[in-house]
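The values are calculated or read from the model by the stated rules, or taken from the named source; none is laboratory data. Bear in mind the structure is a predicted one, so any value in this text is a computation, not a measurement. Cβ atoms come from the backbone with ideal geometry, glycine included; neighbour counts cover every protein chain shown. Quick note on the areas: whole protein, heavy atoms, side chains included, nothing else; ligands and nucleic acids left out. Shrake-Rupley method; radii C 1.70, N 1.55, O 1.52, S 1.80 Å.
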Amino acid sequence: MATERTLSIIKPDATARNLTGKIIAKLEDAGLRVVAQKRTKWSRSDAEAFYAVHRERPFFDDLVAFMTSGPIVIQVLEGEDAVATNRKVMGATNPADAEAGTIRKDFAENIERNSVHGSDSAENAAKEIALCFKAGEIVG
Ligand code: CMP
């Protein structure tokens, strides 16, 4: 196993319900360390740039509308196999399929309002981290 970094976003459905601390506790309990964090609100162009890979999907416009509907908390998480570890603690994209004890099983409302985003590969993690943070903002 190797120490790596991944990008995490606590989404507007979760910030609206004041779940930031409960979600961070699950990440930390899974062995992940928050090495950068900011609470912000995305513009339409921010969300479109971040989710550009999904531009052709039927849910793209709704996803952009949702991700710009309220505050989000963007984090860089560091730990052993951080990409896979974070995906395990997040649970399946659709909370109906997520395992007990995962963030999405416990907190997500539906497949869109699913409380958290996590990078799906080390390669995409590096791209997403570079899109959201300057190197000096990440303190491990
Ligand atoms: P996320 O991990 O942020 O990556 C893309 C997001 O699109 C995903 O979480 C969901 O919020 C959303 N998404 C994925 N599939 C669907 C779907 N079938 N319908 C609506 N939203 C979806």
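Would you mind telling me which numbered condition in (1) away from the ligand (no atom under 11 Å from the Cβ); (2) within 23 Å of A130 (Cα to Cα) V64 fails?
Result: V64 passes all but (1).
Given E28, E56, which one is more than 16 Å from the ligand (Cβ to nearest atom) and charged (D, E, K, R)?
Going through E28, E56 in turn, the sole match is E28.
Keeping to the range 89-106, report how many residues are touching a Gly at 6+ places or on another chain (Cβ under 7 Å), open to solvent by less than 80 Å² (accessible area, probe 1.4 Å) and over 23 Å from E78 (Cβ atoms).
1
Please work out which residue is surrounded by the fewest Cβ atoms within 10 Å (Cβ to Cβ), limiting yourself to the range 117-140 and to residues that are of a type outside the set (A, V, I, L, M, F, W, C) and touching a strand residue (DSSP E or B) at 6+ places or on another chain (Cβ under 7 Å).
Of everything passing the filter in the range 117-140, G140 is surrounded by the fewest Cβ atoms within 10 Å (Cβ to Cβ).
Which of the residues belonging to the range 87-121 are outside any loop (DSSP other than H, G, I, E, B) and either near the ligand (Cβ under 9 Å from one of its atoms) or basic (K, R) (or both)?
R87, K88, M90, R104, K105, V116, H117, G118
Only residues that are open to solvent by 50 Å² or more (accessible area, probe 1.4 Å) and touching a residue at least 60 places away in the same chain (Cβ under 8 Å): list them for the range 30-43, please.
Selection gives R33, K38.
Within the range 44-62, can you find the residues that are of a type in the set (D, E) and in contact (Cβ under 8 Å) with a residue 24 or more places away in the chain?
Across the range 44-62, the qualifying residue is only D62.
Report yes if some residue within the range 107-116 is among the β-branched types (V, I, T), in contact with a Lys or Arg (Cβ under 7 Å, 6 or more places away or on another chain) and surrounded by 18 or more Cβ atoms within 10 Å (Cβ to Cβ); otherwise report no.
For the range 107-116, residues among the β-branched types (V, I, T), in contact with a Lys or Arg (Cβ under 7 Å, 6 or more places away or on another chain) and surrounded by 18 or more Cβ atoms within 10 Å (Cβ to Cβ): present.
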